[in-house]
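Take a look at the structure set out below.
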Amino acid sequence: MWADLFTGSVLVGLLSSGIRLATPYLYAAIGETFGQRSGVLNLGVDGIMLMGAFSGFYVVFLTGNLWLGLLLAIIVGAIMGLAMAFISVTLNAEQGISGIGVYLFGLGMSDLLFQKLVNNVETVRGFQPLHIPLLSDIPVIGEIFFQQNILVYGAYLMVPIAWFVINKTTFGLKMRAVGENPEAADTLGVSVAKVRYLTVTFGGIMSGIAGASLSIALLNVFQQNLTNGLGFIAIALVYFGGWRPGWVLIGSLLFSMVNSLQVWVQVIGIEIPSDIAVMMPYLLTIVVLVISAQRVRQPKALSKAYERMD
Amino acid sequence: MTEQELLPSGHPKIHHLEMKNIVKRFPGVLANDHVHFDIKAGEVHALLGENGAGKSTLMKQLYGLYHPDEGEILFDGKSLRISSPADAIRLGIGMIHQHFMLVDTLTVAENVALGLPSSRGMLTDLDKVTERINELAKLYGLDVRTDALIWQLSVGQQQKVEIIKALYRGAALLILDEPTAVLTPQEVDDFFVILKQMAAEGHSLIFISHKLHEVMAFTDRVTVLRDGKNVGSVQTKDTDKRQLAEMMVGRQLKPAKLLDQSQIGQPRLEIKGISALNDFDSPALNCIDLEIRAGEILGLAGVSGNGQPELAQVIAGLRNETGGTILLDGKDITKATPEELIQIGVAFIPEERNRDGLIREFTVSENIILRDLNSGFYSKKGFLDMPSIAERSKSLVAGYKVKTPSIDTPMKSLSGGNAQKVILARELSRNPKVLIAAQPTRGVDIGATEYIHDMIIQQRSAGTATMLISEDLDEILALSDRIAVIFHGEIMGIVDRADATPEKLGLMMAGERIGEEPEC
Amino acid sequence: MRVRWSALFDALLPLIATLAALLIGAIMLLILGANPISGYAALFEGAFGSMNALADTAVKATPLLLVGIGICIAFRSGVINIGGEGQMILGALAATGLGLAFPDLPGIIMIPLVLVVGFVAGGVWGGIPGYLKARFNVNEILSTIMMNAIAVQGMNFLLRDLMIDKLQKGAARIPQTARLSTAYDLPRLVPTRLHLGALIAVILAIGVYFFLWRTTIGYRIRAVGLNSHASRYAGIKVPRYIILSLALSGAFAGLAGAVQVYGVNHFMITDGTAAGFTGSAGFNGIVAALFGQLHPIGTIPASFLFGALLVGANKLQRVTQVPAALITALNGLVVVFVVSSEIWRRKNARRRAIQALEANKAGEPQPAIPVNPQEEEHHVG
Amino acid sequence: GGAQEAQTTSDGPFKVAVVMPSAVNDLAFSQSMFEALTQIKNEMGAENFDFVYSDNMFVVDDAAAAIRDYASQGYNLIIAHGSQYGASLKEIAPDFPKTSFAWGTAGDTFDIPNIFAYEAYSQEGGYVNGVMAAALSQSGTIGVVGPIEVGDAKLYVDGFIAGAKATKPDITVNVNYIGSFSDVALASEAAQTHAGAGADVLTGSAQMVVGAIGVAEERGILWFGTQADQSSLAPSIVVASQVYDWTVVVDDMIALIKEGTLGGKAYVVTLENEGLLIVFNDGYDLSADVKTLAENTIAGLKDGSIKTGVGE
Ligand SMILES: Nc1ncnc2c1ncn2[C@@H]1O[C@H](COP(=O)(O)OP(=O)(O)OP(=O)(O)O)[C@@H](O)[C@H]1O
Ligand SMILES: Nc1ncnc2c1ncn2[C@@H]1O[C@H](COP(=O)(O)OP(=O)(O)OP(=O)(O)O)[C@@H](O)[C@H]1O
Ligand SMILES: [Mg+2]
Ligand SMILES: [Mg+2]
């Protein structure tokens, strides 16, 4: 039985669905990485994703225009990110809790709007797999890597970009400083608030896109609590990645592929209780972290509001 | 400010800066009470005062970190509001902060570059910054590895980074809040050369220090604060240490007493061939041999970053040795846990007071019991014994002259001197067999310093074997019976105070060995 | 005098913030074509309107309080525990398992026993992230999130397999246990649904206050949370206390789970989600704890008010017939508004301290109020 | 609790309150009841019949509070539409002897005179879908996406497998339970996996299958639905759906209650009593022979000549 796991079709399936599944995690986790690197813990990701997912879906449902949908998802994400920034930076509210509040709001609001504006579960025609002339036709490789939709590629593109911004730009430097020792940054004339507003808003935008990637690219449908806690997993993956985009990517892929593996395990009829199989990705994420025994310290100012002691 | 008078740093001169009637209130504290302060271009102006006198507060208002509740700040006669450090920087004000404003996880170069425009626009230009830093370093003899992460550096080196930050940015007016607290005599001298040169160029310098000889050495004018009020302002040439000291504390100071060595007894602490690694696993101590007798103070001199904290931590059980043994009254305590060592009677005043020595958010009394929960004094069967805690805290606060509103005041509202007294009270009240005192008076004002020295001497008379770790040679020479010098984690030699001179010690601190090589 | 007023203002701040949030809710209700007045009247009546309403509120508040005091312990030691959901589930499963295994012992023996078992099981489930953090430096936010998911699947497996009620009639196998022996029901306090668990929770909250501020272990936990360097210097074994506090935190959540089963449900069933059993008390308990200033005593009224909101909001839904989704959104708003309002409390504290200084210009400093309570309270992660 | 007496008013509309675990528009379990009540309302007219609802009542004790509250307001019939509510009803119903309660899907009235129970033999529709699926599958592999391995969903799936095997004994039916009623993303991934494993026909139960249907459409794989008519989601590939029509049950309850019988009866909706219906999607042209095969199967299940061998 287990041997059946190592057939070509399974491995291809694993890789391609792993790559696909990782998309929303990547967007959300990369965005959250920025916020956390600058010292803001935003637990509201899942709520923002839901709002992004619905608004994107709704526009496409009405107009059929995918890019317009993506745009609205981005705007809604930005607004909610701004709100989170205002709460945690300007009002210095406790971050973990404000995040839970934002989550609950997004969870309820997206469902409310859905019931009032759409009411029935409907499907839309989302972003279609790109057909990249030659590449897509390469037998195995093509199927795995080159038959995904544009938002999938976008997610992977974000990884090097994020790495570059964090490590190579002056903004990245400010961001790292603000997340580690805001007072020091402040004394050098760096505006802690400005940096955090930018990162948290960016995080919101990314969460919005993450939501849209579900509702108008991968699933092409909206439903109450469409994300089903995916945003929280994304946050966990930020910790898994130790606030480094590259490792966040690895974490997202690992989690998604193991998730798709457990689906395969059931599908090819290996005798193991379904619930136990479903545990696998969660268990493995922890186990891997234990084995790899990373010693990354979290940003010292993470989840701590900064105000001058004036 | 008129255009034609640009300083080499490119900032326009500030001919006359004036702080008038500055009032700053904090919860429970009137930190500045109608304070006047002024400084002219090219002047070096010292700001003196005991811990909590209001020096840093006053300067933080000049730098835009705090905002005056009353009063105004005049630049060449016109009143300006400085709402943030960004404003201050724009006005050509720079500040070296009392507590390092460095980002531990960034490199030296990154810390310097932070907040500055980059020659590559959006992208960092660390290579250029590094070049420039190295120029400055060469010019002023400040050696630091630009690619080192801050947390890897010793306090002394971190202080140098702070200085480089300031020099790199340049400023028409530079505020120096206790910049010399952690520098060695040599480094201080080099540093003063830089400052004198800057002053000569027309920069204005405000210098805060608890070390009066430094103030005498190179300032033009001195303003003294006490309890947030002006005490007075004098030309340096017209005054002397004693007068300044008395202006600060507001009373006569008694002359330091000489020590008789009659009561020195049996070897108490024996350190035999101790070696250890530092936080990032490179060798910090190599085969240290030291012996301290009952009733003796052994001074451990040395430039910061030569293994002093590591040695103290090994003795206190906070760091594992890689070789060697430690005996107390002949018993092997090498493997003892901190808990056990406290019980056995090893007292420890750590170098980094605010990080290791106390919990700033805890109250005074909570900090007094910090290391004695198992002593039975403060708890019955796992329950805190509040009455006796209160009682004992009160008596210790009184006994050690800690200036605090109450024993329930959060530690963080106490000034350094008083914070240090609390630690002292906790450690000495145990009347320990051994006392490890690391930089016990760093950043602490004269009054408190005097008091802390008295306490250490009293303990000596009580038969405690004391290791006094200090980078302040005056302090070492004033208190020690014998002086050991540590360099690159090795003991360069041990001399009696009688035949110890600053020069001799200076050489040893620079790596000259007088004793024989360690045999392990 | 003025000081008194602002003190009163402080006390009322959370309520004021809640009202502000409800005001926005009112607008949403209007948009949905419902009458806010009658809606909020219903909310109030549903939460406080009668003995039964008050009892329901208290019952709702009980798991919030139990989880919340656990959260206080964790936060004080510098770790955030968002594994309350999973820990409640584990506590409930263990307690239920025991109750099913020994169906006919006297309640007087069994009730304490199952509660303890729930406490221990939750403690183990909370201790694991603690151990992973202390030993392998695995961040507890990650591990607790993952372990919530694992707990849910474990529950689903047990309830549809080992623990399922074999005797249930009908074709469909419902993933539920048999009804636990009525002898084991937590006694009702008054002729309402209010059960012993509520009382236990309040007593434990007071107990935890003494634990944290009056015992050496509590002292060490707080020390570790505020400054691990100084704690090591004090001879405290830091990792041990991190594990302990997470385990305790989980234990109280586990107890909450057990209490929920024996006090309210009297059996276990799964709809595949954690919330289906916990009603998100594992999360809301964190909110309650923070509303209570991370102080066990403060968490008591905080939980009650939050419970009232949850209970009353359902009533509001029934009366106005708006979608339940609105209620969720409304709770979110309340949470956000209340945490955000804290800033005024801090500003006030500061102003008062400075006024006090003005009052007696003796010069000798007054007790310095911590400038920023958060500094003292939130050392998370 | 203190038993309030509720005046069941014989004049005025017949008032029903329903408590549901998920959203009224979940395109599955909750929606099926919501639609039934709406339909009855349209038939009887608002002046004779009225209903209120609380949805998303997945927390058992919230639901209990709701039920108790509705009961004390004198509704004639209170429907607890979820098997998790049984225990609560058992406690509450005796306090309101004049009010009638119903719960499902379950088969147990607890021998309490004012409790009805109702369940669905969804294995029957599953069986019919299975028969068609097997007949339509060329690859010989069929995929099933389930939520949790229990209750109504399991009945349907087991019936489906039985039907498929009965038609083609050698057919492969890959079953995957994703461990959630709400994880749409994983459901769609499961569908992808089935496709990858060679399935050319899919079915699934519960609200999260919308994710799977999307994939099926994208990949041109046939789909069989249950619990609600899912044709609208993917007109090109949905072949047929098993639909629950609870009106059969509710209408009868209303009649009994009006006669003064407040409960004690356990209903089962089946193909036979037409509480279960197989709705063919006319958007998809089903080959005549398969359709007749299906119709014969339905007939067979009705007259008992065919047994699913599941449940009972
Ligand atoms: N941010 C603050 N919040 C509350 N009180 C403060 C704050 N900063 C300073 N204080 C109080 O103001 C007084 C003056 O503090 P300041 O830092 O100016 O003293 P200082 O002269 O710099 O002492 P030291 O020599 O120890 O640096 C002290 O009593 C201190 O308690
Ligand atoms: N949060 C705070 N609340 C009250 N007072 C504070 C606070 N932070 C600092 N202070 C006061 O500001 C002054 C300077 O603070 P700092 O942390 O420099 O202590 P310090 O004693 O000056 O340290 P050092 O011994 O290095 O000089 C101290 O007198 C301290 O009492
Ligand atoms: Mg100072
Ligand atoms: Mg000081």
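The values are calculated or read from the model by the stated rules, or taken from the named source; none is laboratory data. Please read all numbers here as calculations on a predicted model, not as lab measurements. FYI the Cβ positions are ideal-geometry reconstructions off the backbone, even for glycines, and counts take in every protein chain you see.
Inside region D:1-43, can you point out the residues that are in a loop (DSSP other than H, G, I, E, B) and at pLDDT 80 or above?
From region D:1-43, those in a loop (DSSP other than H, G, I, E, B) are D:1-13, D:20-28; that's our starting set.
Passing the criteria: D:12, D:13, D:20, D:21, D:22, D:23, D:24, D:25, D:26, D:27, D:28.
Would you be able to say whether some residue in region B:279-292 is of a type in the set (Phe, Trp, Tyr) and not in a strand (DSSP E or B)?
First, the residues of region B:279-292 that are of a type in the set (Phe, Trp, Tyr): B:280.
Within this subset, residues satisfying the condition of being not in a strand (DSSP E or B) are B:280.
Yes.
Given the residues A:7, A:23, which is the only one that is of a type in the set (Val, Ile, Thr) and buried (at least 24 other Cβ atoms within 10 Å of the Cβ)?
On the way: A:7 fails: buried (at least 24 other Cβ atoms within 10 Å of the Cβ).
Of A:7, A:23, the one residue that is of a type in the set (Val, Ile, Thr) and buried (at least 24 other Cβ atoms within 10 Å of the Cβ) is A:23.
Between A:152, A:102, A:89, A:59, which is in contact with a Phe, Trp or Tyr (Cβ under 8 Å, 6 or more places away or on another chain) and crowded, with 17+ Cβ neighbours inside 10 Å?
Working: A:152 fails: in contact with a Phe, Trp or Tyr (Cβ under 8 Å, 6 or more places away or on another chain); A:102 fails: in contact with a Phe, Trp or Tyr (Cβ under 8 Å, 6 or more places away or on another chain); A:59 fails: in contact with a Phe, Trp or Tyr (Cβ under 8 Å, 6 or more places away or on another chain).
On inspection, the qualifying residue turns out to be A:89.
Which residue out of A:106, A:99, A:69 is under 30 Å from residue C:342 (Cβ atoms), in contact with a helix residue (DSSP H, G or I) (Cβ under 8 Å, 6 or more places away or on another chain), of a type in the set (Gly, Ala, Ser) and touching a residue at least 60 places away in the same chain (Cβ under 8 Å)? Before you say what the answer is, go through the steps one by one.
Working: A:99 fails: touching a residue at least 60 places away in the same chain (Cβ under 8 Å); A:69 fails: under 30 Å from residue C:342 (Cβ atoms).
Result of the check over A:106, A:99, A:69: A:106.
Being within 14 Å of another protein chain (Cβ to nearest Cβ), among the aliphatic types (A, V, I, L, M) and either under 19 Å from the mean Cα position of the chain (by Cα) or within 14 Å of ligand 1 (Cβ to nearest atom) (or both) narrows it down to one of B:476, B:456, B:469, B:423, so name that one. If you could, list the steps in order and put the result at the bottom.
Working: B:476 fails: within 14 Å of another protein chain (Cβ to nearest Cβ); B:456 fails: within 14 Å of another protein chain (Cβ to nearest Cβ); B:469 fails: within 14 Å of another protein chain (Cβ to nearest Cβ).
It is B:423.
Could you list all residues from region B:294-315 that are surrounded by fewer than 24 Cβ atoms within 10 Å (Cβ to Cβ) and within 14 Å of another protein chain (Cβ to nearest Cβ)?
Within region B:294-315, B:312 is the sole residue that qualifies.
Name the single residue, out of those in region B:405-449 being acidic (Asp, Glu) and away from ligand 3 (no atom under 16 Å from the Cβ), that is nearest to residue C:213 (Cα to Cα).
To start, the set of residues in region B:405-449 that are acidic (Asp, Glu) comprises B:408, B:427, B:445.
If we keep only those that are away from ligand 3 (no atom under 16 Å from the Cβ) as well, we get B:408, B:427.
On the way: B:408: 13, B:427: 23 Å.
The residue in question is B:408.
From the list A:276, A:272, A:250, A:291, pick out the single residue that is free of Cβ contacts under 8 Å to residues at least 60 places away in the same chain and part of a loop (DSSP other than H, G, I, E, B).
A:272
Please verify whether region B:84-102 includes one or more residues that are surrounded by fewer than 24 Cβ atoms within 10 Å (Cβ to Cβ), among the hydroxyl-bearing types (Ser, Thr, Tyr) and within 13 Å of ligand 3 (Cβ to nearest atom).
No: region B:84-102 contains no residue that is surrounded by fewer than 24 Cβ atoms within 10 Å (Cβ to Cβ), among the hydroxyl-bearing types (Ser, Thr, Tyr) and within 13 Å of ligand 3 (Cβ to nearest atom).
Can you name the residue in region B:163-195 that is more than 14 Å from the chain's Cα centre (by Cα) and charged (D, E, K, R) and is also surrounded by the most Cβ atoms within 10 Å (Cβ to Cβ) among such residues?
B:165
May I ask you to list pairs of residues, at least six apart or on different chains, whose Cβ atoms are under 6 Å apart, with the first in region A:176-195 being in contact (Cβ under 8 Å) with a residue 40 or more places away in the chain and the second being of a type in the set (Phe, Trp, Tyr)?
Listed by first residue and then by second, the contacts come to A:182/A:306; A:192/A:306.
If residue B:343 satisfies all but one of (1) closer than 23 Å to residue B:289 by Cβ; (2) not in a loop (DSSP other than H, G, I, E, B), what's the number of the condition it fails?
For residue B:343, the failing item is (1).
Have a look at D:66, D:36, D:28 and point out the one that is crowded, with 20+ Cβ neighbours inside 10 Å and closer than 21 Å to residue D:95 by Cα.
On the way: D:36 fails: closer than 21 Å to residue D:95 by Cα; D:28 fails: closer than 21 Å to residue D:95 by Cα.
Testing whether each residue is crowded, with 20+ Cβ neighbours inside 10 Å and closer than 21 Å to residue D:95 by Cα leaves just D:66.
Among the candidates B:355, B:319, which residue alone is free of Cβ contacts under 8 Å to residues at least 60 places away in the same chain, part of a loop (DSSP other than H, G, I, E, B), assigned by TED's automatic domain parsing to the domain that holds residue B:440 and farther than 18 Å from residue B:267 by Cβ?
None of the others qualify; the one that does is B:319.
Would you confirm whether or not region A:21-42 contains a residue that is at pLDDT below 95 and either closer than 21 Å to residue D:185 by Cβ or aromatic (Phe, Trp, Tyr) (or both)? Walk me through it before giving the result.
Going residue by residue through region A:21-42, those that are at pLDDT below 95 are A:21.
Then keep just the ones that are either closer than 21 Å to residue D:185 by Cβ or aromatic (Phe, Trp, Tyr) (or both); that gives A:21.
Yes: region A:21-42 contains one or more residues that are at pLDDT below 95 and either closer than 21 Å to residue D:185 by Cβ or aromatic (Phe, Trp, Tyr) (or both).
Determine whether region B:41-49 contains at least one residue that is modelled with pLDDT under 95, within 16 Å of ligand 3 (Cβ to nearest atom), part of a strand (DSSP E or B) and in the same structural domain as residue B:229 (by TED's automatic domain parsing).
Yes, region B:41-49 has at least one match.
Kindly indicate the residue of region B:436-449 that is surrounded by 24 or more Cβ atoms within 10 Å (Cβ to Cβ) and of a type in the set (A, V, I, L, M, F, W, C) and also farthest from ligand 4 (Cβ to nearest atom) among those meeting that condition.
B:436
Pick from region A:1-14 the residues that are of a type in the set (A, V, I, L, M, F, W, C) and either within 11 Å of chain D (Cβ to nearest Cβ) or in contact with a Ser or Thr (Cβ under 6 Å, 6 or more places away or on another chain) (or both): which of them is farthest from residue A:163 (Cα to Cα)? Even if it seems obvious, please write down each step before you answer.
As a first pass, look at region A:1-14 and keep what is of a type in the set (A, V, I, L, M, F, W, C): A:1-3, A:5-6, A:10-12, A:14.
Subsequent filtering for residues that are either within 11 Å of chain D (Cβ to nearest Cβ) or in contact with a Ser or Thr (Cβ under 6 Å, 6 or more places away or on another chain) (or both) retains A:10-12, A:14.
Numbers: A:10: 32, A:11: 29, A:12: 28, A:14: 26 Å.
Among those that are of a type in the set (A, V, I, L, M, F, W, C) and either within 11 Å of chain D (Cβ to nearest Cβ) or in contact with a Ser or Thr (Cβ under 6 Å, 6 or more places away or on another chain) (or both), it is A:10.
Take the residues in region B:164-183 that are of a type in the set (D, E, K, R) and under 28 Å from residue B:472 (Cα atoms); name whichever of them is farthest from ligand 1 (Cβ to nearest atom).
Of region B:164-183, the ones of a type in the set (D, E, K, R) are B:165, B:169, B:177-178.
Remaining after also requiring under 28 Å from residue B:472 (Cα atoms): B:165, B:177-178.
Numbers: B:165: 20, B:177: 7, B:178: 7 Å.
Residue satisfying both the conditions and the ranking: B:165.
Check whether at least one residue in region B:70-78 is within 16 Å of ligand 4 (Cβ to nearest atom), within 14 Å of chain C (Cβ to nearest Cβ) and either of a type in the set (Phe, Trp, Tyr) or over 30 Å from residue B:243 (Cα atoms) (or both), and report yes or no.
Of the residues in region B:70-78, the ones within 16 Å of ligand 4 (Cβ to nearest atom) are none.
No, every residue in region B:70-78 fails to be within 16 Å of ligand 4 (Cβ to nearest atom), within 14 Å of chain C (Cβ to nearest Cβ) and either of a type in the set (Phe, Trp, Tyr) or over 30 Å from residue B:243 (Cα atoms) (or both).
Kindly indicate the residue of region B:231-242 that is of a type outside the set (A, V, I, L, M, F, W, C) and at pLDDT 90 or above and also farthest from residue B:215 (Cα to Cα) among those meeting that condition. Explain how you work it out, then say what you get.
Here is the first cut: in region B:231-242, the ones of a type outside the set (A, V, I, L, M, F, W, C) are B:232-233, B:235-242.
Now narrow it down to the ones that are at pLDDT 90 or above: B:232-233, B:235-240.
Details: B:232: 15, B:233: 13, B:235: 11, B:236: 8, B:237: 11, B:238: 13, B:239: 11, B:240: 10 Å.
Filtering region B:231-242 for residues that are of a type outside the set (A, V, I, L, M, F, W, C) and at pLDDT 90 or above, the one farthest from residue B:215 (Cα to Cα) comes out as B:232.
So which of B:401, B:433, B:412 is surrounded by fewer than 24 Cβ atoms within 10 Å (Cβ to Cβ), within 16 Å of ligand 4 (Cβ to nearest atom) and either more than 19 Å from the chain's Cα centre (by Cα) or in contact (Cβ under 8 Å) with a residue 40 or more places away in the chain (or both)? Steps first, please.
Working: B:401 fails: within 16 Å of ligand 4 (Cβ to nearest atom); B:433 fails: within 16 Å of ligand 4 (Cβ to nearest atom).
Only one candidate passes the filter, namely B:412.
Would you please name the residue that is surrounded by the fewest Cβ atoms within 10 Å (Cβ to Cβ), looking only at residues in region B:18-39 that are within 20 Å of residue B:209 (Cβ to Cβ) and more than 8 Å from ligand 1 (Cβ to nearest atom)?
So the first thing to find is which residues in region B:18-39 are within 20 Å of residue B:209 (Cβ to Cβ), and the list is B:19, B:31-32, B:35, B:37-39.
Narrowing the set further to residues that are more than 8 Å from ligand 1 (Cβ to nearest atom) leaves B:19, B:35, B:37-39.
On the way: B:19: 20, B:35: 24, B:37: 23, B:38: 15, B:39: 23.
Among those that are within 20 Å of residue B:209 (Cβ to Cβ) and more than 8 Å from ligand 1 (Cβ to nearest atom), it is B:38.
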